[in-house]
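**Q** Pasting a structure here, questions to come.
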Amino acid sequence: MILNILSYFFKGDENVCKHFEGYLKKWEIIEISIITYYEIVSGLLTKKAHKQLKQFQEFAADNLIIPLTEKAANISAKLYAQLRQSGTIVDDIDLLIAGIAMENEMVLVTNNQKHFSRIEGLNIDNWK
């Protein structure tokens, strides 16, 4: 699973934290995409939330960051073209996250079902 729901975890959302616990009992590490990493770091830097940034970076160091590869970029580009041709718009960042999840045959855990449910072939789950 690739988790794209970390903000809820760090805010202490009860339901999300419960899912995290169960997942970690079974798998021991969390997987996040490098794009999600970028989103969180850039947001915390913008807010000048240095304490939270340090906490997140420590969290990330203990878990697995899934990179953006050429294959994932190609999957994302195809998704972009398909969606654009059908008149559906999805943010580039979301398409890159989806491409990484699809390349690695992973379920994407997100609360953003509105955008990600538009992507055919992407398996999503919502822990919220």
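**Q** Test each condition in (1) among the polar types (S, T, N, Q); (2) over 18 Å from Asn123 (Cα atoms); (3) more than 16 Å from the chain's Cα centre (by Cα) for Gln82 and report the one that comes out false.
**A** Among (1) among the polar types (S, T, N, Q); (2) over 18 Å from Asn123 (Cα atoms); (3) more than 16 Å from the chain's Cα centre (by Cα), the lone unmet condition for Gln82 is (2).
**Q** What helices (runs of 4 or more DSSP H) lie completely within the range 61-122 and have 3 or more residues being among the hydrophobic types (A, V, I, L, M, F, W, C)?
**A** Result: 70-85, 92-103.
**Q** So Ser76 passes all but one of these: (1) modelled with pLDDT of 95 or more; (2) surrounded by fewer than 16 Cβ atoms within 10 Å (Cβ to Cβ). Which condition number does it fail?
**A** The single condition Ser76 does not satisfy is (2).
**Q** Criterion first (under 17 Å from the mean Cα position of the chain (by Cα) and either modelled with pLDDT of 95 or more or closer than 23 Å to Asn15 by Cβ (or both)) does Ile65 satisfy it?
**A** So Ile65 fits the description; yes.
**Q** Here is a check on your reading of the model: is Lys25 without any contact (Cβ under 8 Å) to a residue 24 or more places away in the chain, surrounded by fewer than 15 Cβ atoms within 10 Å (Cβ to Cβ) and within 23 Å of Lys128 (Cα to Cα)?
**A** Answer is yes for this residue.
**Q** Something else now. Filter the range 78-125 down to residues that are more than 17 Å from Ile66 (Cβ to Cβ), of a type outside the set (Val, Ile, Thr) and either in contact (Cβ under 8 Å) with a residue 60 or more places away in the chain or touching a Phe, Trp or Tyr at 6+ places or on another chain (Cβ under 9 Å) (or both), then give me how many there are.
**A** Residues that pass the stated criteria total 3.
**Q** Give me the residue from the range 95-128 that is among the charged types (D, E, K, R) and under 16 Å from Glu31 (Cα atoms) and, out of that set, surrounded by the most Cβ atoms within 10 Å (Cβ to Cβ).
**A** First pass over the range 95-128, keeping only residues among the charged types (D, E, K, R): 103, 105, 114, 118, 120, 125, 128.
With under 16 Å from Glu31 (Cα atoms) added as a condition, the list becomes 103, 105, 125.
Working: Glu103: 19, Glu105: 7, Asp125: 13.
That would be Glu103.
The values are calculated or read from the model by the stated rules, or taken from the named source; none is laboratory data. Predicted model only: the values in this text are computed from it and were never measured. Note that each Cβ is placed from the backbone with ideal geometry, even for glycine, and that neighbours are counted across all protein chains shown.
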